[in-house]
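**Q** Have a look at this one before I ask anything.
The values are calculated or read from the model by the stated rules, or taken from the named source; none is laboratory data. Quantities reported herein were computed from a predicted structural model and do not represent experimental measurements. Cβ sites come from the backbone with ideal geometry, for glycine too, and all protein chains shown count toward neighbours.
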Amino acid sequence: MGRRGKYSGKSKRGKKTQFHKGDNRFIVMLDISRVEYFQYDAKEVMQASNVEPKVWEPMLSSIIAKASRNSINEALDYIDQKVEEEVLPEKVAAELDRLLRKYRRNR
């Protein structure tokens with residue numbers, strides 16, 4: 001008996017599913033079960049930088065909301081926007097990018 005499911009190319013009823021070129025089956029999002037770990041690591045990064053707490057606390061909440069509800073790409077766009085506005089240093093943005101990719105999940 002083979003493994004059936006989303007990775008084998010067969011549905012539960014045994015019919016072959018259609019895989020089209022360029023078909024994105026998953027959206028990369030923040031893993032909800034590890035949000036607290038991401039938040040702790042991101043707070044450490046923000047506290048180590050010279051960004052004011054009044055600025056980074058709501059920014060971090062927005063990043064978590066965008067990454068967990070929409071996609072990590074939307075959260076990365078938001079981070080890039082804050083770098084362009086010179087609210088967030090590039091070094092901190094790169095570290096947040098690394099953390100988002102570490103705590104991601106395909107949904």
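**Q** Test L88 against the criterion of being of a type outside the set (F, W, Y) and modelled with pLDDT of 95 or more, and give yes or no.
**A** For L88, the condition - of a type outside the set (F, W, Y) and modelled with pLDDT of 95 or more - is not met.
**Q** I'd like to check which helices (runs of 4 or more DSSP H) are fully inside region 43-107 and have at least 1 residues that are of a type in the set (S, T, Y) and surrounded by 14 or more Cβ atoms within 10 Å (Cβ to Cβ).
**A** Qualifying helices (runs of 4 or more DSSP H): 53-69, 72-84.
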